[in-house]
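The values are calculated or read from the model by the stated rules, or taken from the named source; none is laboratory data. None of the values given here were measured: they were computed from a predicted structure. FYI the Cβ positions are ideal-geometry reconstructions off the backbone, even for glycines, and counts take in every protein chain you see.
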Amino acid sequence: MRGSLRLDLVRQSARTSPGLTALAGGLLVASGLLPAALNLASGALAGAVAPAVGQGMGSTEGRRVLLALGAVTAVYVVIQVLGPLRATVSDMLMRRIDGALATQLMRAVSGPRSIAHLEDPLVLDRVAQAQGALNGHTAGGAVTYLSGAWAVRLQGLAALVILSRFRWWVPLALGAGQAVSFTWRRRHWMDVTKVVFSRSDRLRQADYLRRLATRPEAAKETQVFSLAGWFVDRYRVSFMDTMRPVWRERQSGGWAALAVSTGLLVLEGGALLLVVRAGTSAAIGVGATVVYAQAVLASAALGRFDMDHLRLEDGLAALGVLRALEEAVPVAVERMGGRLPADGLPERVIRFEGVTFRYPGRDENVFDGLDLDIVAGQSLAIVGTNGAGKTTLVKLLARLYDVGGGRITVDGTDLRDIDPAAWQHRVAAIFQDFVQYPVPAHDNVAFGALAHADDRAAVETAARRAGALDLVTTLPKGWDTPLSRQLTDGADLSGGEWQRIALARALFAVSAGAGVLVLDEPTASLDVRAETGLYDRFLDVTRGVTTIVVSHRFSTVRRAERIVVLEHGRVVEDGSHQDLVAAGGRYASMYALQASRFWEDGDG
Amino acid sequence: MAELFSNLRAMCAVSWQADKARSIGSLVTTALVPVTRSLQAVGFGLIADGVLSGDDSKAATGALVVAGLTGANRLLDWASVTVRMRLREHTIVLLDSQVMSYIAGAPGLEHHERPEHQDRIGMIGWERWALNNPFMPIAWTLGSVVQMLATLAVLGGLHPLLLLLPLAGIPPLVIGLRIEKLWERVRQEHAEARRSMALLSELATTAPAGKEIRVFDLAEELERRYRSTFEVVDRRERSVDVRAGLMSAAGWGCFALGYMAAVALVVSRAVAGDLSVGAVVVTLSLGAQVNRQVTELVDNARWFARTTEAVGRYRWLADYSARAHAALVPADPAPVPERLVSGITFDGVSFTYPGTDAPVLEHLDLHVPAGSIVAIVGENGAGKTTLAKLLLRFYEPTEGGILVDGVDIRRFDVGAWRERLSAGFQDFAKLQFLARESVGVGSLPNLGDTVAVTAALDRGAAADLPARLPAGLDTQLGREFDGGVDLSTGQWQKVAVARAMMRENPLLLLLDEPTASLDAATEHALFERFAGQARRAAERTGAITLLVSHRFSTVRMADVILVIEAGRVLERGTHEDLMRAAGRYAELYSLQARSYR
């Protein structure tokens, strides 16, 4: 499997940058063979010196020395110069491959129209590994180590070829010994790695605690409750729990290492003695003796398994994980099928028919036979207690998940038969955890409908309707200000300001033709003025658009033409604000809770 | 240079503290490995001379020396890798623990909220891969130097002129350092582009953004932006790569010619009969070694140059944390009172965030009587949250002081003061632990106390939560871990509120918009409880409950309402007072009330 990954890496490299790959290949072969050439030239030089002693450089023997010296010099200089050039080519190749793979990863992960995989810890783990975030090793980096490993192997093989001219069986014996050494060390490393992987949940915990302590998200609570020491202690425990068995496993290789080393020592010592004996018995010259002796040592390259090999394995693992993710994409895309167009939908009604749904990996159903009609062109508010399934309903509607049982139909067509991309294109949504894009303000709004991004007037209109226009004009570079303080001239918005931008994005999508507007808690961070402003414009904003509002704020909810109360995954009340208040049920009591404090005094 | 040495010292200290035995072990094994390589050349000399003179035992000795050193080298290498990996793991735990306590333990939020500090801390997070083995380059350098000396001793024995050989190493060394500087500049130039690439890739690979990206069909656009940023970075870095490669090749070419001059010298002396053929073999077989030594020296020099910045940032953090602690040690300490008698007073408090010019609070005077429930209202940016941050001592006032029963809170030990307060925030943390832990950390001493945790959930109007979790209080929360259960935003907020309820007798309970994601029934229940509890606590300890909110339905039940505008108290009084006054409060209240009629 690893072998095919190596090939895969080479193919990826050739696809990404054919020229650099060819160059790297050429340099690899050169650096694999040149040491052997240097050995031979050195042997020739050593062999040439003895007969030339006392003859002077001008003699025939002396000229032979000069010739050999020239050869040694040429090979040595080339070796030295090729080294840095190889590093340069590797570096360029690594960057290109990592760049290409990063976009391939983005494509693989954002390819499926469902988001189930994005909420699966296993997938998130793999994404992190593919990005090299777990150990700093990427697939691009593996190219450097792979070419290094192959060059070293080539050097060892070249040495064996040289030795075959001495005795045919010496390279066989040495080669076999080195192969055993390499295989053993690699297997030992794999055993250790397996132990590490078996503890990955603990390791992830350690990493989580590290992030928790070093990032701002939990900083206030960390300070108020004095949690720093507790975080550090737990981090240490998690880390040590992971590493202790790893250390045991690693140390268990000590005796085997000694045995393998001793075996190799006997082999190499025997070979060297044989070579030297041949030399002293004048069967071979001094030059050849030195060449063969050097070749015996050079063959050790075949048995070496060092840090670079470890990094290579890590980098290849990152590539393997990426490939697994890529393979999962077509499957996920196919599972979420449907080819029918979505143009102009919905014209009449979106209908939930006996819908059941549970999240992957959970035991209990969120919905267990949900029936609900959403009339096209109307505004519908969904209320309910925390955890009643309001956000899940919205996710199903946007087909970010497919239903488990029952069906959702749009104008009578099963949603599963409609092309998911086309349907999602019909939906404009801001979710509770809306996105803060690190791009200019204009793009943050225009992202609602990219095809109309050039329509600056429409972007401004959407911003005005969302109450975001004033804040944009106060930004240092207006619409061109990047909305991230991590970027040059970037501005940092407050939660309420961000919410207005996100709202503008959804409204821009509606103005560009989206037929369904989803607002999941659109006013949670707004201050009184902004909130009131939005309510006042609510009817205007949603006129003629199928609108679904999820909110705890009855001030928003009551403006909707129709309200449903969701409880335990079912609709328990359904009607207009007036109907529901008059009915005196759940809605009426929830509304009264919030509103009564405003009624108590006549002046309020 | 002085900075380099003090950085080196700091790095050695970390390694030493992490694992003394393995620090020494890694130093010895790593330094010995190259020495065994150098001495092999002597063995080769013996072989050559033995073969030429027909001396069997001399040649055999040479062969055994070479073989023995090779074996020793292999074992040492194995030991060195094993020791180094373990040392590296011990070091990373230590470094991480230190960085964690520096960041999480440093009092105040300045390091979390100032962009330039955030930049540095972010880089430290990445650099842990580079910093986790600070000892190795030192050991390697030491090994290279020892080996260099051994090599020079061998070569110098052949001819004194060969002692000049290290000069040939100067061009690659100098060029190597210049290249490193070049790269450091490019890295800084590209830091922002790389950050923006990381942000874009994060958007494509995480769930919250995943929803919008699908609905608005943004995947291709994000990928396009990533690619175009990447191409700009790559184009520039490619040209730097080519330039650096050529420079480096030229440097190494100089070195190779220098070394070959030495070989030529030895060869000519040998031809003249002054040196043996063995000497030629020794010199030649050292060629590869010398090259390796110089390579390692150049690499290590570049490593030092590169990590100076990283170590500098790490030391900055240590220093920052120490200063943050020291700044809060009271000159004239006073104990935190057991109960409040008079209350909390802001006495001419002004505050400007570090690194900014505009004051957020200006000469703020206000008194909050003991035992009261106080609501603070005001529009976005009025300074409400800042006021809370000062009370929690996340920041210290730039002018004036905050007095608790007449005692400046700067005279309290920060830890002791915080132990007597509790707080819940709008941007609460989603702590992905077991449910009991995620609540329980609100009072570490009672972490394992099921009764205390249950009581806190009850006080936080979240008593129903455990029943809705598959394993009750022992349910792992959050999707980050196997078997973890994700909560809805509102449920997470309940957990956070319950956490704030863990401390039983706080003098000050600070709630900064704690109900933004709660449903109506929970919000109502929560405030009923708050009020009742606050009154009881007030009787016992004179405790103050301080509520920041723009939900007027909640605000109106407070004893005192403060309207803050532009860093000053604009209005103050009960709901009835302020409605009668028909000022800003009445205006905002009516705005909101209108939506309910």
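Only one entry in B:ALA525, B:ALA521, B:ALA531, B:ALA498 is modelled with pLDDT of 85 or more and aliphatic (A, V, I, L, M), namely B:ALA498. Residues in the range B:71-93 that are out of contact with any Lys or Arg (no Cβ under 9 Å at 6 or more places or on another chain), facing chain A (nearest Cβ under 7 Å) and within 24 Å of A:GLY263 (Cβ to Cβ): 3 in all. Take B:THR30 and decide whether it is among the polar types (S, T, N, Q), touching a helix residue (DSSP H, G or I) at 6+ places or on another chain (Cβ under 6 Å), surrounded by fewer than 23 Cβ atoms within 10 Å (Cβ to Cβ) and at pLDDT below 90. Considered against the rule, which asks whether it is among the polar types (S, T, N, Q), touching a helix residue (DSSP H, G or I) at 6+ places or on another chain (Cβ under 6 Å), surrounded by fewer than 23 Cβ atoms within 10 Å (Cβ to Cβ) and at pLDDT below 90, B:THR30 comes out as no.
Out of A:VAL331, A:VAL349, A:VAL375, A:VAL355, one residue alone is surrounded by fewer than 19 Cβ atoms within 10 Å (Cβ to Cβ), free of Cβ contacts under 8 Å to residues at least 60 places away in the same chain and among the hydrophobic types (A, V, I, L, M, F, W, C). It is A:VAL331. Assessment of the range A:425-445 against the conditions (under 25 Å from the mean Cα position of the chain (by Cα), assigned to a helix (DSSP H, G or I) and either buried (at least 23 other Cβ atoms within 10 Å of the Cβ) or within 7 Å of chain B (Cβ to nearest Cβ) (or both)) yields at least one matching residue. Against the conditions (1) basic (Lys, Arg); (2) without any contact (Cβ under 8 Å) to a residue 60 or more places away in the chain; (3) touching a strand residue (DSSP E or B) at 6+ places or on another chain (Cβ under 6 Å), A:LYS390 satisfies every one except (2).
Among the residues of the range B:58-70, which ones are within 7 Å of chain A (Cβ to nearest Cβ) and in contact (Cβ under 8 Å) with a residue 24 or more places away in the chain? Scanning the range B:58-70 gives B:VAL66, B:THR70. When A:SER114 is tested against the conditions (1) more than 30 Å from B:GLU220 (Cβ to Cβ); (2) facing chain B (nearest Cβ under 9 Å); (3) of a type in the set (Gly, Ala, Ser); (4) touching a residue at least 60 places away in the same chain (Cβ under 8 Å), the lone failure is (1). The single condition among (1) free of Cβ contacts under 8 Å to residues at least 60 places away in the same chain; (2) surrounded by fewer than 17 Cβ atoms within 10 Å (Cβ to Cβ) that B:ASP365 does not satisfy is (1).
Yes or no, residue by residue, for (1) in contact with a Ser or Thr (Cβ under 8 Å, 6 or more places away or on another chain); (2) outside any helix (DSSP H, G or I); (3) surrounded by fewer than 19 Cβ atoms within 10 Å (Cβ to Cβ); (4) more than 11 Å from chain B (Cβ to nearest Cβ):
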site: A:ALA36; (1), (2), (3), (4): no, no, no, yes
site: A:LEU40; (1), (2), (3), (4): no, no, no, yes
site: A:GLN55; (1), (2), (3), (4): no, yes, yes, no
site: A:GLN80; (1), (2), (3), (4): no, no, no, no
site: A:SER90; (1), (2), (3), (4): yes, no, no, no
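Just one of the numbered conditions (1) crowded, with 21+ Cβ neighbours inside 10 Å; (2) within 9 Å of another protein chain (Cβ to nearest Cβ); (3) within 26 Å of B:GLY378 (Cβ to Cβ) is not true of A:MET590: (3). Taking the range B:186-209 only, how many residues are more than 7 Å from every other protein chain (Cβ to nearest Cβ) and over 17 Å from A:SER484 (Cα atoms)? Number satisfying all stated conditions: 4.
The condition of being basic (Lys, Arg) and either modelled with pLDDT under 75 or over 15 Å from the mean Cα position of the chain (by Cα) (or both) holds for only one of B:ARG128, B:ARG114, that being B:ARG128.
Identify all residues within the range A:216-233 that are within 13 Å of B:LYS430 (Cα to Cα) and surrounded by fewer than 17 Cβ atoms within 10 Å (Cβ to Cβ); write none if there are none. A:PRO216, A:GLU217, listed by residue number. Every condition in (1) of a type in the set (Val, Ile, Thr); (2) at pLDDT below 85; (3) more than 32 Å from the chain's Cα centre (by Cα) is met by B:VAL51 except one, and the failing one is (2). For the range B:248-288, the set of residues classified as surrounded by fewer than 24 Cβ atoms within 10 Å (Cβ to Cβ), more than 7 Å from chain A (Cβ to nearest Cβ) and farther than 28 Å from A:GLY62 by Cβ consists of B:ALA250 only. Counting only strands (runs of 3 or more DSSP E) that sit wholly inside the range B:340-426, those with at least 2 residues that are within 23 Å of A:GLY496 (Cα to Cα) and in contact with a Gly (Cβ under 6 Å, 6 or more places away or on another chain) are B:359-369.
Residues of the range B:542-596 being of a type in the set (Lys, Arg) and within 12 Å of another protein chain (Cβ to nearest Cβ), which ones? B:ARG551, B:ARG556, B:ARG580, B:ARG584, B:ARG594, listed by residue number.
Yes or no, residue by residue, for (1) within 10 Å of chain B (Cβ to nearest Cβ); (2) touching a Gly at 6+ places or on another chain (Cβ under 8 Å):
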residue	(1), (2)
A:ALA206	yes, no
A:THR214	yes, yes
A:LEU227	yes, no
A:ASP241	no, no
A:ARG250	yes, no
A:GLY254	yes, no
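When restricted to residues that are part of a helix (DSSP H, G or I) and more than 30 Å from B:ASP482 (Cβ to Cβ), the range A:159-203 contains 23.
Answer with yes or no whether B:GLU539 is in a helix (DSSP H, G or I) and more than 12 Å from chain A (Cβ to nearest Cβ). For B:GLU539, the condition - in a helix (DSSP H, G or I) and more than 12 Å from chain A (Cβ to nearest Cβ) - is met.
Is it true that some residue in the range B:62-76 is surrounded by fewer than 19 Cβ atoms within 10 Å (Cβ to Cβ), of a type in the set (A, V, I, L, M, F, W, C) and over 30 Å from A:HIS188 (Cα atoms)? Checking the range B:62-76: not a single residue is surrounded by fewer than 19 Cβ atoms within 10 Å (Cβ to Cβ), of a type in the set (A, V, I, L, M, F, W, C) and over 30 Å from A:HIS188 (Cα atoms).
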